[in-house]
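S.K.: Below you'll find the structure I mean.
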Amino acid sequence: MRLLVKGGRVVDPANDLDKVLDILVEDDKIVETGQNIYAEDCIIIEAHGKLVCPGFIDLHTHLREPGFEYKEDIYSGTRAAAAGGFTTVCCMPNTDPVADNKTVISFIKEQARVKGVVNVLPVGAISKKQEGQELSPIAELFQAGCVALSDDGRPVRRADLMRYAMEYAKMFDLPIFSHCEDRDLSGDGQVHEGFYSTYYGLKGIPAAAEEVMVARDIILSQLTGAKVHICHVSTRGSVELIRRAKEEGVNVTAEVTPHHLVLTDEVIGSYDADTKVNPPLRSREHVEALLKGLNEGVIDCIATDHAPHEREAKDCEYNMAAFGISGLETAIPVSMKLVHEGKLSLKRWVEAYTVKPASILNIDRGSLTPGGKADITIIDPELIKTVEVEKFYSRGWNTPFKGMKFKGWPFMTIVNGKIVFEDGEIKV
Amino acid sequence: MKWEQRKDLLGLKDLSREEIELVLDTAVPMKDILKRDIKKVPTLRGKAMVTVFYENSTRTRTSFELAGKYLSADTVNLGVSTSSVQKGESLKDTIRTLEMMGFDLMVIRHSMSGTPHYVARNTKMRVINAGDGVNEHPTQALLDMYTIREKKKTLEGLKVAIVGDILHSRVARSNIYGLTKFGCEVRVVGPSTLIPPEVEKLGVKSYYSLEEALKGVDVINVLRIQRERQQKGLFPSLDEYASLYMLQPEHLKLAREDVLVLHPGPMNRGIEISSAIADGNHAVIEEQVTNGVAVRMAILYLMMGGAKDEIAG
């Protein structure tokens, strides 16, 4: 089967491209990019006025399967991804059972093959059951197809274990995705520690809870030479630590979520638990530092930390509510706001979702280079729409963006040469 | 000034100075009712209110209940420890159930900040916050302000020191939000670990030294210190706390001669306050309790819509 994407503005930072071009896809590959391509027997995709980008890659997704299918599963989660313009997602291992062995990884991959609609790349656990005591069978996880290791949600407390994980992972060139949080410092905190935690009487989580762990993991990366990727960076101090580490040549990369880029902790005043997320929404100075860090490339990519929850986990007392935001279906419109406002260049924005995450994973995706896999995200940059959770493909309706209007939404998602999402609807 | 537009009383940060004045003014005739031989008026006959306390309380719950009864409202106390909450019923379902029984107003106390706000969003009943986590305790601050105003004739320009665990105190927060609206100079004082971050942005001055903080003040509001804070490592020992922050007779010499000493209770005598002060002639702690009933009567009256002339006479 052949697809011809015609007349769109092709933004492909990997190839330093930003111009109106056609793209010809045959089967699962891109065969040609150029002006006025003529081809017979193909489906024509009219893309005038649209942005045609390499398929967006999310390094940080919770698909919840196995174990938490009432929150999300691979069926709903990959549809949410496609509807959100993502062609590849990395799913975190904090499932039940934990993805700490080849059986669970094989299960996830099989489910993704059978009922998924985007590429699913599993992340394996660093420690057995994510308990932070013994290393997972890392070689086994690597052979089963894991692309990274993480104890996301249950950060590795012991510095010695983290050190061994890094050293061991290095043998397989597997990056460590580190959720940096000192649980002693964050304690039972609910929101960012600062003026608003004082004003609204909610227990604070200091920026330092993240920063001390960022510092530790950078130092351990320096010691071991392992690839360390800092998940969901949320503080100015973390940005500065990462900046300095990069200047010194440490093998460190970082991601930031759309919600940390556009929301401040001021929104907690509603006591709406959809504003509760870990790391917490921070104050303006942190938000500004994150944007600056993203602009300057200190933060490499944008990742959703898609954390869907069932209704009851959020429709309750603030302290009782689960942490997390369902992010796949709002990532593009929410973060594109920054592009529309002139705070982030279009090129940098696309890069942060495509070539950068691809290079962290060391996978051959994230570009529109002919010969490569045909993962393509087409965006309507002018479409204005309200976030309607009732229309989500995700089971998680937990988003602080509900009811808000945004400009710039996914128009079409093509995965391995197949149209999986078009104009608001999943096509498979 | 009308109260009707405001469905709930969740905190003083949301109230205007005029609304606070309305409550305090309405409490004056209520206090007169308390002094009568027959302490009952028919104002809220036919109205029903329920108190739901997820945390222990002696004075707040009892005074709400009594305030309702003095105004002839039907008052019910939901014993949380004997209710369906123990069977795992969600808060939302509990609220709905109460609403369907026909209550007009619910008084809620909860250990988690923001819970009354969540409740208020999910019910047509009027909701009064009787203390939520470390956020607010608006009726306590209103009765504190009533007590101060009654003694000092005005709140305007007074210097008020709030002493102790500011970080975990909903009483402190509500007092700060209320008093600053009247141009008071509010000072908070306590160990550095119990002063919340960026507290000065609330319009207060913060101190670590009790002696410094008390210089020239008109009012000292002493907070209860909870023992579990020490176990969490926030300060070394209750003895050390007492040596630095227990209010003692010599401290009063630093303040104005007619200084008032308030305490929301229950007191830890010999820890945050010495008995000599608690029982001394500057203390208005017992009057606070009486005023608490009057202020809560005023709030119930305003919120459940009695007619103004019914209490005036």
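S.K.: Could you say which residue among A:Ile57, A:Ile45 is closer than 19 Å to A:Gly408 by Cα, open to solvent by less than 80 Å² (accessible area, probe 1.4 Å) and over 24 Å from the mean Cα position of the chain (by Cα)?
M.R.: Working: A:Ile57 fails: over 24 Å from the mean Cα position of the chain (by Cα).
Among A:Ile57, A:Ile45, only A:Ile45 is closer than 19 Å to A:Gly408 by Cα, open to solvent by less than 80 Å² (accessible area, probe 1.4 Å) and over 24 Å from the mean Cα position of the chain (by Cα).
S.K.: Next question. Would you mind listing the strands (runs of 3 or more DSSP E) fully within the range B:44-130 where at least 1 residues are within 14 Å of chain A (Cβ to nearest Cβ) and open to solvent by less than 60 Å² (accessible area, probe 1.4 Å)?
M.R.: Details: elements: B:48-53, B:74-78, B:105-110.
Those strands (runs of 3 or more DSSP E) span B:48-53, B:105-110.
S.K.: Filtering the range A:398-428 down to residues that are over 24 Å from A:Asp272 (Cα atoms) and among the aromatic types (Phe, Trp, Tyr), which residue is most open to solvent (accessible area, probe 1.4 Å)?
M.R.: In this case the residue turns out to be A:Phe411.
S.K.: For the range A:199-208, check the following and say yes or no: at least one residue is within 22 Å of the chain's Cα centre (by Cα), more than 14 Å from every other protein chain (Cβ to nearest Cβ) and small (Gly, Ala, Ser).
M.R.: The answer is no, given that none of the residues of the range A:199-208 is within 22 Å of the chain's Cα centre (by Cα), more than 14 Å from every other protein chain (Cβ to nearest Cβ) and small (Gly, Ala, Ser).
S.K.: Another one. State all residues of the range B:187-212 that are over 19 Å from B:Glu240 (Cβ atoms), away from chain A (no Cβ under 14 Å) and open to solvent by less than 40 Å² (accessible area, probe 1.4 Å); if no residue qualifies, say none.
M.R.: Selection gives B:Arg187 alone.
S.K.: Check B:Gly102, B:Gly79, B:Gly133, B:Gly68 and return the single one that is over 27 Å from B:Lys39 (Cα atoms) and either of a type outside the set (Phe, Trp, Tyr) or over 17 Å from the mean Cα position of the chain (by Cα) (or both).
M.R.: None of the other options fit; the residue is B:Gly133.
S.K.: A follow-up question, please. Does B:Arg227 satisfy the condition of being in contact with a helix residue (DSSP H, G or I) (Cβ under 9 Å, 6 or more places away or on another chain), open to solvent by 60 Å² or more (accessible area, probe 1.4 Å) and among the charged types (D, E, K, R)? First the steps, then the outcome.
M.R.: Working: in contact with a helix residue (DSSP H, G or I) (Cβ under 9 Å, 6 or more places away or on another chain): yes; open to solvent by 60 Å² or more (accessible area, probe 1.4 Å): yes; among the charged types (D, E, K, R): yes.
Yes: the conditions hold for B:Arg227.
S.K.: Run B:Gly178 past the list (1) open to solvent by less than 10 Å² (accessible area, probe 1.4 Å); (2) within 11 Å of chain A (Cβ to nearest Cβ) and report the number of the one that doesn't hold.
M.R.: All conditions are met except number (2).
S.K.: Pick from A:Asp184, A:Asp160: which is of a type in the set (Asp, Glu) and over 30 Å from B:Tyr118 (Cβ atoms)?
M.R.: Being of a type in the set (Asp, Glu) and over 30 Å from B:Tyr118 (Cβ atoms) holds for just one of A:Asp184, A:Asp160, which is A:Asp160.
S.K.: Specify which of the listed residues (A:Gly342, A:Gly324, A:Gly293, A:Gly297) is under 17 Å from A:Thr61 (Cβ atoms) and either away from chain B (no Cβ under 14 Å) or surrounded by fewer than 24 Cβ atoms within 10 Å (Cβ to Cβ) (or both).
M.R.: Values: A:Gly342 fails: under 17 Å from A:Thr61 (Cβ atoms); A:Gly293 fails: under 17 Å from A:Thr61 (Cβ atoms); A:Gly297 fails: under 17 Å from A:Thr61 (Cβ atoms).
One residue alone meets the criteria, A:Gly324.
S.K.: Can you tell me which residue within the range B:141-175, out of those that are within 14 Å of chain A (Cβ to nearest Cβ) and basic (Lys, Arg), is least open to solvent (accessible area, probe 1.4 Å)?
M.R.: Of everything passing the filter in the range B:141-175, B:Arg173 is least open to solvent (accessible area, probe 1.4 Å).
S.K.: Next question. Out of everything in the range A:248-276 that is open to solvent by less than 20 Å² (accessible area, probe 1.4 Å), assigned to a helix (DSSP H, G or I) and β-branched (Val, Ile, Thr), what residue ends up being farthest from A:Lys170 (Cα to Cα)?
M.R.: Per the stated criteria, the residue is A:Ile268.
S.K.: Another one. If B:Arg17 passes every condition in (1) under 23 Å from the mean Cα position of the chain (by Cα); (2) modelled with pLDDT under 95 but one, which one does it miss?
M.R.: Among (1) under 23 Å from the mean Cα position of the chain (by Cα); (2) modelled with pLDDT under 95, B:Arg17 violates only (2).
S.K.: Just the residues that are more than 16 Å from A:Asp151 (Cα to Cα) and either among the charged types (D, E, K, R) or in contact with a Cys (Cβ under 7 Å, 6 or more places away or on another chain) (or both), please, taken from the range A:68-101.
M.R.: A:Glu69, A:Lys71, A:Glu72, A:Asp73, A:Arg79
S.K.: Kindly indicate the residue of the range A:211-239 that is open to solvent by 10 Å² or more (accessible area, probe 1.4 Å), in contact (Cβ under 8 Å) with a residue 40 or more places away in the chain and under 25 Å from A:Asn295 (Cα atoms) and also farthest from the other protein chains (Cβ to nearest Cβ) among those meeting that condition.
M.R.: Taking the candidates together, the pick is A:Lys227.
S.K.: Considering only residues of the range A:300-319 that are in contact with a Gly (Cβ under 8 Å, 6 or more places away or on another chain), in a loop (DSSP other than H, G, I, E, B) and away from chain B (no Cβ under 14 Å), which is surrounded by the most Cβ atoms within 10 Å (Cβ to Cβ)?
M.R.: The residue in question is A:Thr304.
The values are calculated or read from the model by the stated rules, or taken from the named source; none is laboratory data. Small disclaimer: the values here were computed from a predicted structure and weren't measured. We place every Cβ from the backbone using ideal geometry, glycine too, and count neighbours over all the protein chains shown. Keep in mind that these areas ignore ligands, DNA and RNA; they rest on the heavy atoms of the full protein, side chains included. Shrake-Rupley method; radii C 1.70, N 1.55, O 1.52, S 1.80 Å.
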